[in-house]
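Beneath this line is the structure, given in structure tokens, with notes to follow.
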Amino acid sequence: MIGVLGGYGAVGGTVARLLAAHQGLRVGGRDGAAARRFVEAELGGHGEAWQVDALDAAELARFCAGCRIVVNCAGPSYLLLDRVARAAFAAGADYVDAAGDAAAFDQPPGTGTQGRTAVLSAGMLPGLTGLVPRHLAALTSLDAGLRLDVYTGGLDRLTPAAAGDFLLAGQEERGAALAAWRDGARVARALTPVHDVQLPYFPGPVTAYPYLSAEAERVAGELGLAQARWYNVITGDGVLAAASAAGQAADLTRAAELELAGRTPYYVLLFQLSGPHGTRTLALRTHDSYALTAAVAAHAATAVLRGEVAAGLHHADAVLDPARVLADLEPVAKIEITEAVAPIDLVAPVFEEGAL
């Protein structure tokens, strides 16, 4: 039995459809009627529909009981933290989280799982944003002085859960705005936002906002990068204005809907790894960022079910094969790897006084 929490939502619904071939699927969420409609309409009635509130310990325990693995697609992750994971472990189930982070467990990776396997950050961001740099590094001679630049964003809807996580992203334990990675450490306020900039693969001018996430910092350190710069890319001013106004998640969701009205959604993840021997660029483009998150989460769940991931607590980028994950994304994304794109540099050069 595979339990998918939030299994009729933007991410969970696709995860459930991708995993429907397995024997036994349990779709749960706070709206039991929506779960039943999903199972009937999308799964042909082949599955269990459950009403379960992830914040209710007793309901969560009943949902997890009898599951071989629980895939958490509910949110926002900052509110759920490790509740679903611990309920899964107590029921003897393995666990995959489309979001989540090991920091939520307040203990080192590999502990607290009661002998089960847990894969966290198994989505697009975090997840793909850690996997792709590892893939580029595997294709590149790891010389000293490598620099990674990452640009992620676009024009897409925001679910309430995604909007909640977006608003809380600035918390120190989750990352640092305006920071960069340099010579083995985070450098605070090293970068500035860039407005009305043209980036390869992005259709039109955008705002690039520097943000060094916990995932970005961890991956940069493990790859031994000399420099790393991560940017959130935003199309239009509505979402930025709503976030800056310290509004609620609903305000951000409405702002995203207004930006999207009458326009074609898109999402781009652009990675450049530059070194002494040139620059390699990987661009991943989609019209549905939630489908990307779902594809990674379903891949992680399948890998756990096949016994390809050892027991313990893991980040997805550390245990999944990047090439195999990218191959699974082909139905929902266009992926291009090239050495023909010139290095992008949004950082204005700093001159010493008196120098030409």
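The values are calculated or read from the model by the stated rules, or taken from the named source; none is laboratory data. Remember, it's a predicted structure, so these values are computed and weren't measured experimentally. A quick note on method: Cβ atoms are made from the backbone with ideal geometry, for glycine too, and the neighbour counts reach across all protein chains shown. Keep in mind that these areas ignore ligands, DNA and RNA; they rest on the heavy atoms of the full protein, side chains included. Shrake-Rupley method; radii C 1.70, N 1.55, O 1.52, S 1.80 Å.
So the values come out like this:
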{"quantity": "Peptides ranked, highest mean first, by Cβ atoms within 10 Å: ranges 50-57, 65-72", "calculated": "65-72, 50-57"}
{"quantity": "Kirkwood Rh in Å, taken over all unlike Cα pairs in region 260-333", "calculated": "14.4 Å"}
{"quantity": "Percent accessible area from carbon and sulfur atoms, region 1-110, protein chains only, probe 1.4 Å", "calculated": "50 percent"}
{"quantity": "Residue-span extension gain [ARG37 to THR140] - 0.36 nm each, minus C-alpha spacing", "calculated": "32.3 nm"}
{"quantity": "Average accessible area per residue (Å²) across region 11-143 - probe 1.4 Å, nucleic acids and ligands excluded", "calculated": "41 Å²"}
{"quantity": "Of all accessible heavy-atom area on region 275-317, the percent that carbon and sulfur account for (1.4 Å)", "calculated": "49 percent"}
